[in-house]
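Student: Got a structure here, written out as structure tokens. Questions coming.
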Amino acid sequence: MIIGLARSSFSLSSSKSSISKRTASNSILARRGVQRALASSVSTSPLVSSSSSSSSSSSSSSSSSSSWRSSFSTTRTELLHAPKSSLLTVSPLELSLSPRASSRLAPLLRRCRIRMSATKSGINMELEFARRDDTAAVTNIKKINDKNLDDDDNDGQQNSHESSLSSTNTYNTNGGNRNNDDNKKGKNTGRNGGEEEKEEELASLYLDNARWYKMPEAVLGAIDSYYSNDNANVHRGAHWLAAKATEGYENARQRIAQLVGAADYTEIVYTRGATEAINLLASTWGDQQVHEGDEIILSTMEHHSMILPWQRLAARKKAVLKYVRVDENGSYDLRHLKELLSPRTKLVGLCHASNVLGTLNPIEKVSQLARESGALVLVDASQTMARAQVNVRELGCDFLVASGHKMMGPTGIGFLWGKYKLLDMMQPWQGGGEMIDEVFLERSTYAPPPGRFEAGTPAIAEAIGIGAAIGIIMDIGTRNIQMREEKIGAKLFSELKAKVPGIEILGGEANRLGIVSFNLEGVPPQEVERRLRLKGIKVGVGFHEAQPLHHKLGFDQGSVRVSFSQSNTEKDVERLIRSVTKVAEDIRNDQTLVA
């Protein structure tokens with residue numbers, strides 16, 4: 001329920017967050033720029049007061065920037081308890097916020113709806129605050145005194161790879177936020193454990209990165225820069241804008257090739273994601289190479305996008321589909337693969353890591369066994385591009401696919417890597433501009449890979465975005481990323497097993513990344529997810545596009561899945577473990593929920 005409207009007109013003066021007249025004229029870009037500035041509290045933060053109380057209004061208007069924190073707490077309380085007809089006003093102040101102050105203020109601002117319009121003097125901003133029944137947010141903010149906030153100004157900086165991701169979730173209002181870790185910094189805030197835990201639960205914690213890995217600010221900046229400065233089509237113009245756009249588009253392709261260890265950037269084909277990449281492969285290579293009676297081997301742990309394209313191809317070609325089972329340890333069963341391989345096997349397809357089990361598969365051994373039988377290997381690396389080292393030469397595979405939105409990039413972009421000799425043998429998938437060499441009324445000739453498979457105007461901004469995401473991944477280092485993922489995975493597995501009675505974790509402990517799917521015995525996973533959501537933790541629930549795996553493991557209602565990112569902290573891991581433990585305890589005390 002909307003209880004009021006706050007209005008302000010201001011200009012962003014920081015060079016990093018300033019919005020030019022050209023950008024401001026585009027309402028989408030203006031909204032993005034201001035949302036980022038507000039969410040990270042870079043230069044301007046509004047103090048909200050209720051016009052229904054003249055005394056509080058005058059008090060707020062006379063507040064100095066040094067006492068803004070107390071004023072914000074008071075006026076936020078008034079906002080929550082204000083009558084429906086209250087008109088809320090905003091007084092803009094230029095503030096320099098401490099990190100902890102930003103972390104307290106940003107969640108409140110994220111709950112605002114923001115409408116933007118450009119004027120000669122700057123940007124008109126309208127904020128709509130939704131009423132919240134739980135007033136604990138304000139109660140706890142009021143308990144944070146100025147001294148505790150000011151102490152943050154002297155805190156040390158975070159390490160370089162964390163700072164590069166510090167704005168990962170500030171743009172998306174439903175995403176998680178990186179809380180400052182007081183324990184990590186060695187600071188004693190003077191709050192008791194109960195107050196700290198209550199305050200912690202107010203912050204939204206996003207742990208559904210296996211579904212969509214949140215984008216860092218640098219990725220959004222790269223996409224905005226293309227639309228603002230280099231907005232032109234690629235490969236189609238001689239002017240400098242077209243050249244600039246083409247340069248950014250192709251540089252991203254080269255970054256992908258570098259990240260996966262491709263022999264050449266021409267082995268990278270842009271697609272809309274891993275799903276389209278697999279469909280492209282099934283419709284080109286599959287149609288040419290798979291015939292009646294031939295065999296395709298997948299596994300029961302695969303994502304639906306790996307299963308359905310080959311199901312459809314097998315039905316068209318009267319081919320045979322086989323599935324490698326998951327062994328007693330929740331791992332890919334190599335012994336079963338050996339039993340299934342035959343001279344008729346054309347392809348072995350599997351994920352580098354299951355989006356449910358969260359464990360790395362032995363791709364190198366699978367590739368070796370497949371080669372001995374004369375089969376090719378397709379790897380779905382969607383869950384490992386931002387979690388582990390991925391090198392196609394070391395893996396020994398023939399094709400590899402991935403999606404941008406699961407590797408810190410935008411949606412609507414992904415890629416297919418294939419050995420060039422294989423790509424060169426494949427016929428085009430779609431017809432149109434870009435994929436041609438010459439066109440005549442009677443016939444046409446086609447471009448060499450990768451252009452042959454990229455008909456029409458491509459997703460240019462998204463490609464540039466995935467290039468920026470890969471830049472961040474490479475700056476952190478894939479080895480560092482994998483070591484951190486394995487540390488998180490081991491901690492989650494061992495502590496959840498030790499602290500939560502009746503927990504059932506899908507998959508084994510070995511080679512685990514920062515993805516854990518689980519159930520509480522006799523409790524619907526949807527109920528567990530609901531209770532975690534009430535504690536501010538966003539997790540995945542359901543089959544996670546892997547329904548056959550859940551059925552094979554006996555979890556016919558799905559599972560709860562938690563998946564971490566590089567921007568999550570050790571404190572986030574501990575909070576998740578503590579919250580699951582508490583949920584399990586509460587459910588045990590409520591016998592009506594236990595089957």
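Student: Residue under question is Gly502, and the condition is that it be small (Gly, Ala, Ser) and under 22 Å from the mean Cα position of the chain (by Cα); does it hold?
Tutor: no
Student: Tell me, yes or no, whether the stretch 239-262 has at least one residue that is in a helix (DSSP H, G or I), acidic (Asp, Glu) and either in contact with a Gly (Cβ under 6 Å, 6 or more places away or on another chain) or open to solvent by 50 Å² or more (accessible area, probe 1.4 Å) (or both).
Tutor: Within the stretch 239-262, one or more residues are in a helix (DSSP H, G or I), acidic (Asp, Glu) and either in contact with a Gly (Cβ under 6 Å, 6 or more places away or on another chain) or open to solvent by 50 Å² or more (accessible area, probe 1.4 Å) (or both).
Student: Continuing with this model, one more query. Which is open to solvent by 10 Å² or more (accessible area, probe 1.4 Å), within 20 Å of Met407 (Cβ to Cβ) and part of a loop (DSSP other than H, G, I, E, B), of Asn329, Asn355?
Tutor: Exactly one residue qualifies, and that residue is Asn355.
Student: Could you list, in sequence order, the residues of the stretch 484-541 that are of a type in the set (A, V, I, L, M), closer than 15 Å to Glu574 by Cα and open to solvent by 20 Å² or more (accessible area, probe 1.4 Å)?
Tutor: Once the filter is applied, which keeps residues that are of a type in the set (A, V, I, L, M), closer than 15 Å to Glu574 by Cα and open to solvent by 20 Å² or more (accessible area, probe 1.4 Å), the stretch 484-541 yields Ala490, Ala498.
Student: Moving to a separate point now. Taking only the stretch 564-574 into account, find how many residues are surrounded by 19 or more Cβ atoms within 10 Å (Cβ to Cβ) and over 23 Å from Ile587 (Cα atoms).
Tutor: The number of residues fulfilling the criteria is 5.
Student: Can you name every residue in the stretch 332-345 that is surrounded by fewer than 19 Cβ atoms within 10 Å (Cβ to Cβ), in contact (Cβ under 8 Å) with a residue 24 or more places away in the chain, not in a helix (DSSP H, G or I) and not small (Gly, Ala, Ser)?
Tutor: Pro343, Arg344
Student: A follow-up question, please. Which of the residues that make up the stretch 404-416 are open to solvent by 10 Å² or more (accessible area, probe 1.4 Å) and under 20 Å from Ile307 (Cα atoms)?
Tutor: Lys406
Student: Please go through the stretch 283-326 and pick out each residue that is acidic (Asp, Glu) and either closer than 20 Å to Phe555 by Cα or open to solvent by less than 50 Å² (accessible area, probe 1.4 Å) (or both).
Tutor: If the condition is that a residue be acidic (Asp, Glu) and either closer than 20 Å to Phe555 by Cα or open to solvent by less than 50 Å² (accessible area, probe 1.4 Å) (or both), then Asp294, Glu295, Glu302 are the ones that fit.
Student: Of the numbered conditions (1) more than 22 Å from the chain's Cα centre (by Cα); (2) at pLDDT 95 or above; (3) of a type in the set (Lys, Arg), Arg561 satisfies every one except a single condition; which is it?
Tutor: So Arg561 meets the others, but not (1).
Student: Between a first residue in the stretch 442-455 that is crowded, with 18+ Cβ neighbours inside 10 Å and a second residue that is β-branched (Val, Ile, Thr) and not in a strand (DSSP E or B), which pairs have beta carbons less than 8 Å apart while being 6 or more apart in sequence or on different chains?
Tutor: Pro449/Thr266; Pro450/Thr266; Phe453/Thr284
Student: Are there any pairs with C-beta distances below 6 angstrom linking a residue in the stretch 542-553 that is in contact (Cβ under 8 Å) with a residue 60 or more places away in the chain and of a type in the set (Asp, Glu) to a residue that is open to solvent by less than 60 Å² (accessible area, probe 1.4 Å) and part of a loop (DSSP other than H, G, I, E, B), with the two at least 6 apart or on different chains, and if so which?
Tutor: These pairs meet every condition: Glu545/His303.
Student: Do the conditions hold for Ser354, that is, is it at pLDDT 95 or above and closer than 17 Å to Phe399 by Cα?
Tutor: The answer is no for Ser354.
Student: Looking for something in a strand (DSSP E or B) and touching a Ser or Thr at 6+ places or on another chain (Cβ under 9 Å) - is there at least one such residue anywhere in the stretch 309-323?
Tutor: yes
Student: If you don't mind, another one. Where in the stretch 364-471 are the strands (runs of 3 or more DSSP E), entirely inside, with at least 2 residues that are among the acidic types (Asp, Glu) and farther than 27 Å from Leu334 by Cα?
Tutor: Result: 436-439.
Student: Any idea which of (1) open to solvent by less than 20 Å² (accessible area, probe 1.4 Å); (2) more than 30 Å from Thr569 (Cα to Cα); (3) of a type outside the set (A, V, I, L, M) is the one Pro216 doesn't satisfy?
Tutor: (2)
Yes or no, residue by residue, for (1) over 30 Å from Arg575 (Cβ atoms); (2) in contact with a helix residue (DSSP H, G or I) (Cβ under 8 Å, 6 or more places away or on another chain); (3) at pLDDT 95 or above:
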position	(1), (2), (3)
Thr170	no, yes, no
Gly175	no, no, no
Glu200	no, yes, no
Tyr227	yes, yes, yes
Gly248	yes, yes, yes
Thr266	yes, yes, yes
Thr271	yes, yes, yes
Asn279	yes, yes, yes
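The values are calculated or read from the model by the stated rules, or taken from the named source; none is laboratory data. It should be emphasised that the depicted structure is a prediction, and the values quoted were computed from it without experimental measurement. Cβ atoms come from the backbone with ideal geometry, glycine included; neighbour counts cover every protein chain shown. With ligands, DNA and RNA removed, areas are computed over all heavy atoms of the protein, side chains included. Shrake-Rupley method; radii C 1.70, N 1.55, O 1.52, S 1.80 Å.
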